[in-house]
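The values are calculated or read from the model by the stated rules, or taken from the named source; none is laboratory data. The structure presented is a predicted model; accordingly, all values stated were derived computationally and were not measured. Here Cβ is always computed from backbone atoms with ideal geometry, including for glycine, and neighbour counts include all displayed protein chains.
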Amino acid sequence: MTAAGGKKGMRSKKVTTKAMYNYDSESNTYHIDIRVGSYSDLFNKWDFSPYHEKDLEPELVDYLVGCFQEIPSGSNVVVSFHLPKTVYNPDLEEQFTRSIYFHLSYGRSQLELEKRALFQDAMLYAGYGIGFVVLARLLPSLLDALILGSIISEGLFVGGWVLLWEAFSQIFFRNRRLKREREMNERLQAATYRFIYGDKDSLARG
């Protein structure tokens with residue numbers, strides 16, 4: 001699998017994004033061209049599920065994500081897979097298109113589950129953190145009467161703030177990462193995917 005425009009790592013910084021992706025100003029559309037030898041090159045070789053449920057080739061996904069990160073959000077994107085005429089198979093073409101959206105839909109559902117788990121963990125950390133801090137504040141006299149009482153009090157106080165920081169980190173840092181991944185998933189789903197066989201062109205609607 002190769003990009004028609006060459007490897008991204010070798011692109012000149014002087015080349016604009018519009019030039020790299022064959023930009024159509026009338027429709028505000030960027031074109032991503034990828035050359036492959038067969039349909040199987042587009043799927044994960046270790047996944048033996050039916051074609052329409054197969055995972056996509058990880059390198060393909062990474063490449064597309066990298067391209068979309070360079071392309072301004074809000075733009076239309078057409079991803080063209082260039083294959084030899086001899087491999088043309090409308091059934092496999094349709095199955096691959098279904099696989100793209102199956103993969104992206106599954107990824108989106110996983111992100112939603114991760115987001116839910118993140119907030120549950122954040123609430124748990126916050127609850128324990130507040131509880132520890134409150135205990136450290138409300139029970140100093142009782143703890144001072146114990147051997148190592150001051151150490152226990154300080155431990156509760158420090159532990160409480162550590163848990164509160166973890167809750168803050170979950171909500172404001174990890175949630176931002178999930179938001180970026182969700183936005184990327186939506187952009188990939190909104191793209192148009194098509195197949196070109198030499199002078200024959202078949203459009204797979206997004």
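Taking the criterion of being among the hydroxyl-bearing types (Ser, Thr, Tyr), assigned to a helix (DSSP H, G or I) and at pLDDT 80 or above, would at least one residue in the range 185-200 satisfy it?
Of the residues in the range 185-200, the ones among the hydroxyl-bearing types (Ser, Thr, Tyr) are 192-193, 197.
With assigned to a helix (DSSP H, G or I) added as a condition, the list becomes none.
The answer is no, given that none of the residues of the range 185-200 is among the hydroxyl-bearing types (Ser, Thr, Tyr), assigned to a helix (DSSP H, G or I) and at pLDDT 80 or above.
If the requirement is being among the aromatic types (Phe, Trp, Tyr) and modelled with pLDDT of 90 or more, which of these qualifies: PHE68, PHE96? Can you show your working first?
Working: PHE96 fails: modelled with pLDDT of 90 or more.
The conditions single out PHE68.
Count, please, the residues in the range 66-87 that happen to be part of a helix (DSSP H, G or I) and either surrounded by 15 or more Cβ atoms within 10 Å (Cβ to Cβ) or outside the structural domain of ALA191 (by TED's automatic domain parsing) (or both).
Of all residues in the range 66-87, those part of a helix (DSSP H, G or I) come to 66-70, 85-87.
This time we only want the ones that are either surrounded by 15 or more Cβ atoms within 10 Å (Cβ to Cβ) or outside the structural domain of ALA191 (by TED's automatic domain parsing) (or both), so: 67-68, 87.
The total comes to 3.
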Just the residues that are surrounded by fewer than 12 Cβ atoms within 10 Å (Cβ to Cβ) and either modelled with pLDDT of 75 or more or not assigned by TED's automatic domain parsing to the domain that holds PHE168 (or both), please, taken from the range 120-157.
GLN120
